[in-house]
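Enquirer: To start, I am sharing the structure in question, which I have written as C-alpha cells.
What follows draws every value from the coordinates through simple rules; no lab data is involved. What you are looking at is a predicted structure, and each value in this text was computed from that prediction instead of being measured. Glycine also receives a Cβ, built like all others from the backbone with ideal geometry; neighbour counts cover every protein chain displayed.
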Amino acid sequence: MKIINIIKNSLWIIFSFITFINGFGFIYMGITTNNKNWILEGFVYELPWILIVLFTIIPNLASLFYLGIIGMALQIVSIVRSIWADYKYIKRLDANENRKYFP
C-alpha cells in the first residue's frame, strides 16, 4: 500500500482529538470495514457527551461534572486506542484491496 493511501486512510484519527466527536472516527472505521466491535466502541466513546447534552435539559451539576470527567478520560483512551487500532485498520483495508485483485 502506498504511503499516500496510508496517510489518507489514517485521517480518521483526527476525530479522536476533537471533544464531543471523538467516537465518530471509530464509527467510521467500523462502517468501512464492517466491524461491529469498532462501531460499538465508537458509541461508548460518544455516550458521555450524549448524556451531557441530555442532562443539560434537567441541570444537575454533579451529574454533568462526573460525566465530563468520564468523557475526558474516554477521550484520552480513544486517542491512544485510535493510534493503536489504525494499524489493524490499514491491514484490513489492505487485505480487502488485495482480495479485489486476487480472489
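Enquirer: Using Cα-Cα distances under 8 Å and only pairs 6 or more residues apart, what relative contact order does the range 25-93 have, in percent?
Expert: This gives 29 percent for the range 25-93.
Enquirer: Could you identify which residue out of W38, W84, W49 has the top mean-square fluctuation in a GNM of the chain using Cα springs shorter than 10 Å?
Expert: Judging by the Gaussian network model, the answer is W84.
Enquirer: Taking the Cβ of F26 as the center, what net charge do the other residues with Cβ under 11 Å away carry, scoring Lys and Arg +1 and Asp and Glu -1?
Expert: Residues near F26 contribute -2 overall.
Enquirer: Let me ask something additional. In the neighborhood of Q75, defined by Cβ-to-Cβ distances under 11 Å, what is the net charge if each Lys or Arg adds +1 and each Asp or Glu adds -1? Intermediate values should be presented prior to the final figure.
Expert: Working: positive: R81; negative: E46.
For residues surrounding Q75, the net value is 0.
Enquirer: Classify the range 10-58 as rounded, prolate or oblate from the Cα gyration tensor: take a ≥ b ≥ c as the square roots of its eigenvalues, call it rounded if a/c is under 1.5, otherwise prolate when a/b beats b/c and oblate if not.
Expert: Details: a/c = 3.90, a/b = 1.77, b/c = 2.20.
The shape class here is oblate.
Enquirer: For the range 25-93, give the magnitude of the charge dipole about the Cα centre (Cβ charges: +1 Lys/Arg, -1 Asp/Glu; no others), in debye to the nearest 20. Present the calculation step by step, with values, prior to reporting the outcome.
Expert: Working: 5 positive and 3 negative charges, 59 e Å.
Charge dipole, the range 25-93, about its Cα centre: 280 debye, nearest 20.
Enquirer: Pull up the cross-link candidates among the aspartates and glutamates for K8, meaning alpha carbon to alpha carbon under 12 Å and not fewer than 8 places away within one chain.
Expert: In chain and number order, the partners are D86.
Enquirer: May I pose another question? Under the Karplus relation 6.51 cos²θ - 1.76 cosθ + 1.60, θ = phi - 60°, what is the ordered set of whole-Hz ³J(HN,Hα) values for the range 14-21, x standing for Gly and Pro?
Expert: Coupling constants for the range 14-21: 4, 4, 5, 8, 9, 4, 6, 10 Hz.
Enquirer: To continue, here is another question. How many percent of Cα pairs in the range 25-93 exceed 20 Å?
Expert: Counting pairs separated by more than 20 Å, the tail of P(r) holds 37 percent.
Enquirer: What angle do you read, to the nearest 10 degrees and between 0 and 90, between the alpha-carbon axis of helix 61-101 and the longest principal axis of the chain?
Expert: The angle comes out near 10 degrees.
Enquirer: With unit charges on the beta carbon (Lys/Arg positive, Asp/Glu negative), name the residue among V44, Y89, M29 whose Cα is farthest towards the positive pole of the charge dipole of the range 25-93.
Expert: Y89
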